[in-house]
Amino acid sequence: MLTVHTVAELRQQLAAWRAVGERIAFAPTMGNLHAGHIDLIHAAKTHAPRVVASVFVNPLQFGPKEDFGRYPRTLPDDQQKLAAAGCDLLFAPGVEEMYPHGLPLTTEVKVSKVSEGLEGEFRPGHFEGVATVVNVLFNLVQPDVALFGEKDWQQLAVITRMVRDLHLPIGIIGVPTRRETSGLAMSSRNQYLAVDERHTASVIHATLVTIAHEIQQGSRDYIGLEQAGMQALSAHGFAPQYVAIRTPDLQPPANENKNLVILIAALLGNTRLIDNLRVSLG
Ligand code: PAF
């Protein structure tokens, strides 16, 4: 696997592949890779002969009180994992390479509606930062397909909508969440958890499963189920931010909706965790 740090080197390598008509699959990441990220690479390989990954901790998507400074940066380890998974090219730019004209940017991408509420409420500006960097990365890599983890369900919805609205010729593919045996969704932020917190963190998935079961058993009192979920999380020591039952495109569900997604965000100590679970009825 080749690692490049500049736009010029990236473009040079991509041009060589395009010249011989090779399709490109792209997995953007912020590094500190775990098995969930590696699933993106494995999925990418089923879509195109050339797989490109990026590792870039994007300052635009972190709020002023968030963990940009302490977000784990583990490039040598990430390189090893990507190479072992069969990634062909890693783009690992610095902030100056990505944003050479300085911050704040004058051009931003905002995907309204789907960015509002849930993560958008608790992380103002987050999705503008994500949509902007993903757009910049898409312009640089110009992939045929791009892969994103379903753990960040709203992010996947925002990017899918952005690609549709801007007519970007890129197929967006969601990759299922990888979990620990406890049910805890894999996340780079899990390493902020103390040992006892890591044990408690699995209650998020358990709460999702309980709500899904209630819905499958016929409950349609979505507000009551959301409230019960909030209480269950509080009882285990979380500070829950939301428990929400939505359609896959994040609209409030009506009784006839057969496909739903349950989404949770909660703080455990200082660590913010998110997860979701889809429910299919009938
Ligand atoms: O999901 C992530 O890791 C990031 O939000 C992404 C898509 C790489 C953009 O920085």
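The values are calculated or read from the model by the stated rules, or taken from the named source; none is laboratory data. None of these values were measured; they are calculated from a predicted model. We place every Cβ from the backbone using ideal geometry, glycine too, and count neighbours over all the protein chains shown. To get the accessible areas, we keep the full protein, side chains included, count just its heavy atoms, and leave off ligands, DNA and RNA. Shrake-Rupley method; radii C 1.70, N 1.55, O 1.52, S 1.80 Å.
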Restricting to region 25-52, and then to whatever is open to solvent by 10 Å² or more (accessible area, probe 1.4 Å) and assigned to a strand (DSSP E or B), can you tell me which residue is nearest to LEU89 (Cα to Cα)? ARG50
Condition broken by VAL163, with the remaining ones in (1) out of contact with any Gly (no Cβ under 8 Å at 6 or more places or on another chain); (2) within 12 Å of the ligand (Cβ to nearest atom); (3) under 20 Å from ALA27 (Cβ atoms) satisfied: (2)
So which of PHE62, PHE56, PHE68 is surrounded by 13 or more Cβ atoms within 10 Å (Cβ to Cβ), without any contact (Cβ under 8 Å) to a residue 12 or more places away in the chain and of a type outside the set (Asp, Glu)? PHE68
Selection within region 71-86 - over 18 Å from the mean Cα position of the chain (by Cα), surrounded by 14 or more Cβ atoms within 10 Å (Cβ to Cβ) and not in a helix (DSSP H, G or I): THR74
Contacts under 8 angstrom Cβ, first residue in region 127-142 being free of Cβ contacts under 8 Å to residues at least 60 places away in the same chain, partner near the ligand (Cβ under 8 Å from one of its atoms) and not polar (S, T, N, Q), 6 or more apart: ALA131/ILE159
Please give the helices (runs of 4 or more DSSP H) falling wholly within region 94-198 in which 2 or more residues are open to solvent by 50 Å² or more (accessible area, probe 1.4 Å). 95-98, 119-122, 153-165
Does ILE274 fit the bill of being under 18 Å from the mean Cα position of the chain (by Cα) and open to solvent by less than 30 Å² (accessible area, probe 1.4 Å)? no
Give all pairs with beta carbons closer than 6 Å in which a residue from region 23-34 that is within 11 Å of the ligand (Cβ to nearest atom) meets a residue that is open to solvent by less than 30 Å² (accessible area, probe 1.4 Å) and of a type in the set (Asp, Glu); count only pairs at least 6 apart in sequence or on separate chains. GLY31/ASP78; LEU33/ASP78
Every residue in region 248-262 that is open to solvent by 10 Å² or more (accessible area, probe 1.4 Å) and either touching a residue at least 40 places away in the same chain (Cβ under 8 Å) or of a type in the set (S, T, N, Q) (or both), please. PRO248, ASP249, LEU250, GLN251, ASN255, ASN257, ASN259
Of the residues that make up region 135-153, is at least one touching a His at 6+ places or on another chain (Cβ under 6 Å) and within 15 Å of the ligand (Cβ to nearest atom)? yes
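Yes/no matrix, rows are residues, columns are (1) within 16 Å of the ligand (Cβ to nearest atom); (2) closer than 20 Å to ASN135 by Cα; (3) of a type in the set (Gly, Ala, Ser); (4) in contact with a strand residue (DSSP E or B) (Cβ under 9 Å, 6 or more places away or on another chain):
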position	(1), (2), (3), (4)
ASP39	yes, no, no, yes
PRO49	no, no, no, yes
PHE56	yes, yes, no, yes
GLY63	yes, yes, yes, no
Taking ILE223 and the conditions (1) open to solvent by 30 Å² or more (accessible area, probe 1.4 Å); (2) closer than 16 Å to GLU119 by Cα, which numbered condition does it fall short on, given that it satisfies the others? (2)
